[in-house]
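Undergrad: Just passing along the structure, written as structure tokens.
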Amino acid sequence: MSEAEEEGGLNAQSRYVCKCLLALMQRATNNAQEETTRDRVLDAALQAFAEHGFDGATTKKIAARAKVNEVTLFRLFRSKRALFAAVVAERSPLARIRQEVSFDTNALLDDVIYQNIRTVLDVLRSNKHMLMVAVGGAWRYPKAREMVNTQIIQEGIKFVSGFIASQMDAGRLKKGDPKIAARALMGMVQAYFITIDLMGGMSIGPAEEEKTLRGFTSIFLDGMRAEGGDGSR
């Protein structure tokens, strides 16, 4: 092969490699844009469902809020119910709760429980619209009810049960059914969140709220603390 032919072959090969790299880069860009569009639609749907309910939040309104056309919306989510399901599944506050709740078995148990209650309450508040959507849909649609129960409530119980079991294994809480204890602890926080934040029936200041959350901690531990367990005051 002559030098000219060899050079021509290398140029052709280089062009082919460049084309492949450009195609990969374009594909990655398209995937990123697709994900961004999907997130915009989910965020718009969350707000629309919270404001107008499932029936009032039309796909046309959601698409307009997300700044996409309805064709794009239906390409990403085959129906409004599928979009609702994705909102419940992907905007659940559980992911953040899992990241921020402490399983520390060395710090004072009262402080761990109190801080975890505070963390969960803060996360619920920052996801109030999503929870309004989930609860509202659960009342009206059996499939939504099943989804909320499976992906939010049962997964939440499972996670809190794991936390309580870790404290039982460390000898800081009395041995028992961690799922029952999880329901008791979650019930106090959920009831407080519903009455104060979702229903808006009353206002409460920071000092009064801390007193209340400390009270929840005390009530829970009065029944659950292991005798002589580490972390007791």
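Read-outs throughout are calculated quantities, based only on the coordinates presented, and are distinct from any laboratory measurement. Just so we're clear, the structure is a prediction, and the values are computed from it rather than from any experiment. For neighbour counting, all protein chains shown are included, and Cβ atoms are generated from backbone atoms with ideal geometry for every residue, glycine included.
Undergrad: Which one of ALA165, SER92, THR150 has its Cα pushed farthest toward the positive end of the charge dipole of the range 92-224, where Lys and Arg give +1 and Asp and Glu give -1 at the Cβ?
TA: Of ALA165, SER92, THR150, it is THR150.
Undergrad: Report, in listed order, any pair from LYS143/LYS175; LYS128/LYS211; LYS158/LYS211; LYS128/LYS158; LYS143/LYS174; LYS67/LYS158 with a Cα-Cα distance greater than 26 Å.
TA: On the way: LYS143/LYS175 36 Å; LYS128/LYS211 23 Å; LYS158/LYS211 28 Å; LYS128/LYS158 21 Å; LYS143/LYS174 38 Å; LYS67/LYS158 38 Å.
Distance filter (> 26 Å) returns LYS143/LYS175; LYS158/LYS211; LYS143/LYS174; LYS67/LYS158.
Undergrad: Rounded to whole Å, give me the distance from the Cα center of the range 144-185 to that of the range 74-106.
TA: With the range 144-185 and the range 74-106 each reduced to a Cα centre, they are spaced 18 Å.
Undergrad: Write out the trypsin sites (Lys or Arg not before Pro) in the range 36-74 meeting two conditions: DSSP loop, and at most 12 other Cβ atoms within 10 Å of their Cβ. Before the final figure, lay out the partial values.
TA: Details: sites: ARG38, ARG40, LYS60, LYS61, ARG65, LYS67; in loops: LYS67.
Taking the range 36-74 and a limit of 12 other Cβ atoms within 10 Å, the loop trypsin sites (Lys or Arg not before Pro) found are LYS67.
Undergrad: Going by a ≥ b ≥ c, the root eigenvalues of the Cα gyration tensor, does the range 92-224 fall in the rounded group (a/c under 1.5), the prolate group (a/b larger than b/c) or the oblate group?
TA: oblate
Undergrad: If you place +1 on the Cβ of every Lys and Arg, -1 on the Cβ of every Asp and Glu, and leave all else neutral, what size is the dipole of the range 50-194 about its Cα centre, to the nearest 20 Debye?
TA: Numbers: 23 positive and 13 negative charges, 141 e Å.
About 680 debye.
Undergrad: Assuming a ≥ b ≥ c are the square roots of the Cα gyration tensor eigenvalues, decide whether the range 79-167 counts as rounded (a/c under 1.5), prolate (otherwise, with a/b larger than b/c) or oblate.
TA: Values: a/c = 3.02, a/b = 2.27, b/c = 1.33.
Prolate shape, in that a/c is at least 1.5 and a/b is the bigger ratio.
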